Amino acid sequence: MRTCEISVHRLREGYDPDEVDEILDSVADTLEVLAKRASAFEKRASRLERICREHGIGIDETK
């Protein structure tokens, strides 16, 4: 979710706490998924680097 809209309540100042909590939960869920994916990609990259070293294949990390 790239954008979100939080309603402003006219009876009291500020945002609806339930709405804010819902958005924060969604952001937390997304961050958790992304962190797991990043970890999986890091493990895969490490395995591929090890295999390349074992086979004498150079890796240019600047590309």
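Tell me, what % of the accessible area of the chain is carbon and sulfur with a 1.4 angstrom probe? Walk me through the intermediate numbers first.
Details: 3260 of 6130 Å².
That fraction is 53 percent.
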>> With angles folded into 0 to 90 degrees, how steeply does helix 17-54 sit against the dominant principal axis of the chain? Use alpha carbons for both and round to 10.
In response: 0
> Say a site is exposed when it is one of the GluC sites (Glu not before Pro), sits in a DSSP loop, and has at most 11 other Cβ atoms within 10 Å; what is then the longest site-free stretch of the chain?
Replying inline: 14-60
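What does the charge add up to near Ala35, with Lys and Arg as +1, Asp and Glu as -1, over the other residues with Cβ less than 12 Å from its Cβ?
On the way: positive: Lys36, Arg37; negative: Asp29, Glu32, Glu42.
Taking every Cβ under 12 Å from that of Ala35, the sum is -1.
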> At 222 nm, what helix-only mean residue ellipticity would the chain give, in deg cm²/dmol to the nearest 500, using -39500 (n - 2.57) for each DSSP H run of four or more?
Replying inline: -22000 deg cm²/dmol
>> Not counting ligands, DNA or RNA, and with a 1.4 Å probe, what is Arg47's accessible surface area in Å² rounded to the nearest 10?
In response: 120
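The values are calculated or read from the model by the stated rules, or taken from the named source; none is laboratory data. It should be emphasised that the depicted structure is a prediction, and the values quoted were computed from it without experimental measurement. Note: ideal-geometry Cβ built from the backbone for every residue, glycine included; neighbour counts use all protein chains shown. SASA here: full protein model, heavy atoms, side chains in, ligands and nucleic acids out. Shrake-Rupley method; radii C 1.70, N 1.55, O 1.52, S 1.80 Å.
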